[in-house]
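Below is one structure, written out as structure tokens; comments come after it.
Values quoted throughout were computed directly from the atomic coordinates according to the rules given, and no laboratory measurement underlies them. It should be emphasised that the depicted structure is a prediction, and the values quoted were computed from it without experimental measurement. Cβ placement follows ideal geometry from the backbone for every residue including glycine, while neighbour counts extend to all protein chains displayed.
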Amino acid sequence: MANSSLPDRIRRDFPILEREVHGKPLVYLDNAASAQKPLAVIEGQREYLSNYHANIHRGAHQLAQLATEAFEGGRRKVAEHIGAPNAAEVIFTAGSTDAVNLVAQSWGRANLSQGDVVLVTRMEHHANIVPWQMICEAVGAKVEPVNVHEDGTLDLGDFHAALERFSPKMVAFVHASNTLGTINPVADLCRAASDAGALTLVDGSQALPHLTIDVKAIGCDFYVATAHKAYGPTGIGFLWGRRAILEAMPPWRGGGEMIQSVSFDGTTYNTLPHKFEAGTPHISGGIAFGLAIDWMRGVGVETIAAHERSLVAYAHNALETLKGVRIIGTAPEKVGVVSLVVDGIHPYDLGTLMDGQGVAVRTGHHCTEPLMHHLGLESGTLRMSFAAYTTPREIDVAAAALARALAMLR
Amino acid sequence: MANSSLPDRIRRDFPILEREVHGKPLVYLDNAASAQKPLAVIEGQREYLSNYHANIHRGAHQLAQLATEAFEGGRRKVAEHIGAPNAAEVIFTAGSTDAVNLVAQSWGRANLSQGDVVLVTRMEHHANIVPWQMICEAVGAKVEPVNVHEDGTLDLGDFHAALERFSPKMVAFVHASNTLGTINPVADLCRAASDAGALTLVDGSQALPHLTIDVKAIGCDFYVATAHKAYGPTGIGFLWGRRAILEAMPPWRGGGEMIQSVSFDGTTYNTLPHKFEAGTPHISGGIAFGLAIDWMRGVGVETIAAHERSLVAYAHNALETLKGVRIIGTAPEKVGVVSLVVDGIHPYDLGTLMDGQGVAVRTGHHCTEPLMHHLGLESGTLRMSFAAYTTPREIDVAAAALARALAMLR
Amino acid sequence: MAENHPLIEARQQEVIADFAVFDDWMDKYEHLIELGKDIPTIDEARKTDSHLIKGCQSRVWLAADSAADGNVHFTADSDAIITKGLVGLMVQVLSDAPARAIAEADLHFLDAIGLHQHLSPTRSNGLASMVQQMRLYAAALAARQA
Amino acid sequence: MAENHPLIEARQQEVIADFAVFDDWMDKYEHLIELGKDIPTIDEARKTDSHLIKGCQSRVWLAADSAADGNVHFTADSDAIITKGLVGLMVQVLSDAPARAIAEADLHFLDAIGLHQHLSPTRSNGLASMVQQMRLYAAALAARQA
Ligand SMILES: Cc1ncc(COP(=O)(O)O)c(C=O)c1O
Ligand SMILES: Cc1ncc(COP(=O)(O)O)c(C=O)c1O
């Protein structure tokens, strides 16, 4: 199969892939929850902590200078990787969730009011629903969802109708669904939303590890993602926003770094990106995030994407032959995510029994409860999700483990 | 001098202390900005990323289980270390700044209104001023500062008068000042504030690395600190709060993990601590924070405290003999922080020339602009700050470097 | 924790003996699934929200009744069969025992049979919450009896 | 960046030659401090907020004037002597040169004399902001002249 040489080349970069669980070789298919880290990231973080850690910005000494340059280098790498016109538009956050909350609380509190609508889709992760619900409740606005088709694609008719019907102030949607794998036509959605006078926020949490991202080509106003799903460290992610919009937004968190001058008579705020980065940032995280991006670019995002496309096709084939298995999410364009259910059998049982065979999958609602409810899947799904290092052979092992679990449960 | 054997025992735990800057051995005296990390922390984080990384909670597979247990183990270690009655009262945040913002935005927005007062002190870090200014501005409340004496101690008369005069809803103050070193009589302050009907928040950012902390004995309602100043990783800290108060507070950030159930008809929230921890947490950070606490406890917090007390006395002696040096902050009870100024010479020049001799100190306002202004020190101070691994010999080197810098600048 | 009530200790030993024949992980789960299929479950009519243990992936229902002899009688169910097996083991060990004995039980058997991880509060199968509920119920009853 | 204007290039070579005699870090700074003491500075009257470069530890003031010959004349000052030395070097290299030459100058000399780190925008001495201001002023003037 195409690209099957990719894992051979890179698996040795991931020490965890050598381990066993329950005495069986680990087959890690929970990448959409969090990807494993290459040595470049692990060792880079270690090197930082062993050799040039210091608090950054405003430091006159050499270590502070080295740490600042490396951290700001991480920011520049993120900016370049997503085609941001300017690194100052990249705000480091604690992750995607934190980034959406930043927009909802800062932009939302300043711009949403009684009767306004925030449009989302029924395939959103809770991270792109709950922050909007909270700010809408606070200001008297409302969150409205766009429907999703049975096959896991977005209902474009409903999308356009909703733009028309609600004239939303904000339209927020995933670039790729973490439960279905569906890749949304984000550029088209952004154009339509902008034409309807709305701002757009794209949740790229599942796009960053799998797809080439260009925020200019997408045409969104905000883009968020998280490092840990893209071979990077935990505790860091980013918000990209159009400069003029970010400039106009009030700060959200207060503290050090985000100020220009503090006094009890009045405090003035710093310029971008610092205005939104209060306190000591996650320095080792910013540096290691940059290393994760270097690693992905070194391998080639398009190479990873092609490899994962072929894995998805392979997995669909391998799993569909198992009696009773129904694949949830069959959009033509998918990232490396395959969800499935077996009628009459609880996904938790399947996941537990696959774990016993060394295969790590995720079961449940995957933080997309409204989607599960919409699709009538109250117990959620069993989800296998892939990364650059996943092999067809691992999918075979997972399929066999699933078959054995099914045999035990029937 | 007392305890001088401590650094001998532990310096080999800190690889960075072996390095040189500008061809001179590093003398790292910027610990109040951020401490260096022991091998236990560096290697623990690496071990996690190499061997059992996975997203936590809700995972049915073995790695998720191992990661969850380690992360929750980190929380338990923090809870035990600060004498928290229950680990569920420890909320992981991105740091102290994030923790104060959480209280200001969640508790503050629900409880502060027009005309209310939040009382702080003039020795606060911006992290314990700006979040209060922001919420007060939003709701029409006001931040009032308590004075600080010339020697760097809190003006207790003014504190009690302000309680009386303003009947504040919230009183927030540092446990130990990052600029002056002053240790505040936090238990007394909390008692007086509670008696006056206020809640209390103690900023323990500079206490965690240096002092034994017992939130029950202190009697505060909230306590915050950050890991990176206490030998731990970047990107993580905590908020401790009294359970009943935390239970009553609305969530601040929305997203995964913090919910019990999400739907477009209404979302319900999870129990403590999860209600306040939206999204994938900084897993490696939580684990490594626990390892940093293990390390401190292994060495002995009282041993560290005694060592640092003797370093402060030693440094005061060594520096006072230099002509023109004026020490800022001479409270009887200090953590390992020594600030100084030399009239007519800019601290930045001193810091730069000390850096050239391998000595890392911090210069400027140390994120305490109102304090600098109050003390008439518009160019800030030069600050040396100590850790468990600091030696008297390093203070000699720093004093000599300062003397040479002074000679060059006069 | 105090020493176990002899009844509860004996039942735990029984379960441990039961599982002793399996050293393979999968065999153990096979057995758990069989248990899950056999175990007497809660009345369908009582599978209401008020008997549902919240916040877990597999749903768990638990009902507790106090018998005339002062013992507590538990019935339970789950929509996942492995969870049901685990839930069943808990019922087998704790049901129809004196309230105080339940409240104070040291449930070492899960460790002994290598299923301890399921009792972790971080596990999302609801077992930990269920055991907590069982103890709370029994403790409340014991307090009333005292 | 285009090739440097000969005037600006010659001045940079001069500075580089000046510093070539120092290989020790401290000696270099000693020299910088001497420069800082000697350099002609901005009029005290012009040390106002509108000439202050914001957001740095050491305060930096900069004034720009366009001369009749189309050149730009800079004066500057700082309250920290090392910053003043650096600021002085910048003025020495860029002042009294054609606007376009300033806007497009490739300031390689800081690298050559080993003081490049001071130009980092993350450094809080204000030098980077000052150079940016100098370029902006010159670019605006060049645009008007064109
Ligand atoms: C007293 C004090 N409070 C708060 C903070 C803020 O901590 P962080 O920047 O890690 O959020 C610091 C350190 O910068 C501090 O010294
Ligand atoms: C589509 C999507 N959005 C948002 C998130 C939230 O990311 P994080 O938990 O890192 O904040 C996730 C992952 O959990 C996701 O898959």
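A few notes on this one:
- The rotation axis that maps chain A onto chain B passes nearest to the beta carbon of this chain A residue, listed with its distance in whole angstrom: A:235, 2.
- With K and R counted +1 and D and E -1, the other residues having a Cβ less than 14 Å from that of residue B:270 yield a net charge of 0.
- The number of Lys pairs in chain D with C-alpha atoms less than 17 Å apart, excluding pairs fewer than 8 positions apart on the same chain, is 5.
- Rg and Dmax [Cα atoms of region B:40-87; Å; Rg one decimal, Dmax integer]: 12.1, 34
- Cross-link pairs exceeding 23 Å in C-alpha to C-alpha distance, out of A:229/A:334; A:77/B:229; A:77/B:24, comprise A:77/B:229; A:77/B:24.
- Compactness of region A:140-269 as Cα Rg over 2.2 N^0.38 Å, two decimals: 1.24
- Cα convex hull of region A:43-297, projected area averaged across orientations, nm²: 14.0 nm²
- Just so you know, the Rg over Rh for the protein assembly as shown is 0.99, from Cα atoms, with Rh as the Kirkwood radius.
- Computed Kirkwood radius, in angstrom, where 1/r is averaged over Cα pairs of region A:273-316: 13.0 Å
- Annotation for region A:131-186 versus region A:381-399: alpha-carbon center distance of 29 Å.
- DSSP beta bridges fully contained in the protein assembly as shown are about 70 percent antiparallel.
- For region A:21-96 versus region B:270-340, the gap between their alpha-carbon centres in whole angstrom: 25 Å
- Percent of alpha-carbon pairs separated by more than 17 Å within region C:1-63: 63 percent
- Using a simple spin-label model with pseudo-atoms 7 Å out from Cα toward Cβ, residue A:76 and residue A:333 lie 3.2 nm apart.
- Cα radius of gyration and Dmax for region A:264-339 (Å): 21.8, 71
- Cβ-placed point charges (K, R +1; D, E -1), dipole of the protein assembly as shown about Cα centre in debye, nearest 20: 180 debye
- Leading residue at positive end of dipole, the protein assembly as shown (Cβ point charges), from A:157, C:8, B:348: A:157
- With its label point put 7 Å out from Cα toward Cβ, residue A:302 sits 6.7 nm from the same residue's point in the other copies, in order from shortest.
- Percent of Cα-Cα distances greater than 20 Å, calculated over region B:11-167: 70 percent
- Two-decimal Rg to Rh for region C:28-82 - Kirkwood Rh, Cα set: 1.02
- Considering only B:259, B:63, B:84, the residue lying farthest towards the positive end of the dipole of region B:43-297 is B:63, judged by Cα position with unit charges set on Cβ.
- Springs between Cα atoms under 10 Å define the GNM used for chain C, and in it the highest mean-square fluctuation of C:130, C:90, C:26 occurs at C:26.
- Counting Lys and Arg as +1 and Asp and Glu as -1 over every other residue whose Cβ lies under 15 Å from the Cβ of residue B:177, the net charge comes to -3.
- Chain A: relative contact order as a whole-number percent, Cα under 8 Å and 6+ apart: 24 percent
- Over all other residues within a Cβ to Cβ distance under 10 Å of residue B:131, the charged ones net out to 0, with Lys and Arg as +1 and Asp and Glu as -1.
- Three-way shape label, region B:190-250, alpha-carbon gyration tensor, a/c 1.5: oblate
- Placing a label point 7 Å from Cα along the Cα-to-Cβ direction at residue B:217 gives distances to the equivalent points in the other copies of 6.2 nm, listed shortest first.
- Chain D, Cα convex hull volume normalised per residue, Å³: 111 Å³
- Among beta bridges identified by DSSP and lying wholly in region B:43-297, the antiparallel ones come to about 45 percent.
- For residue A:9, inter-copy label distances in nm, listed shortest first [label point 7 Å out on the Cα-Cβ vector]: 5.2
- Treating r as the C-beta distance of residue B:216 and residue D:54 and R0 as 41 Å, the FRET efficiency rounds to 0.35.
- Net length available on complete extension from residue A:109 to residue A:400 is 99.6 nm, with 0.36 nm assigned per residue and the Cα-Cα distance removed.
- Result for chain A in a Gaussian network model with C-alpha springs under 10 Å: among A:389, A:28, A:52, the largest mean-square fluctuation is at A:52.
- For region D:61-146, pairs of C-alpha atoms spaced more than 18 angstrom apart make up 40 percent of the total.
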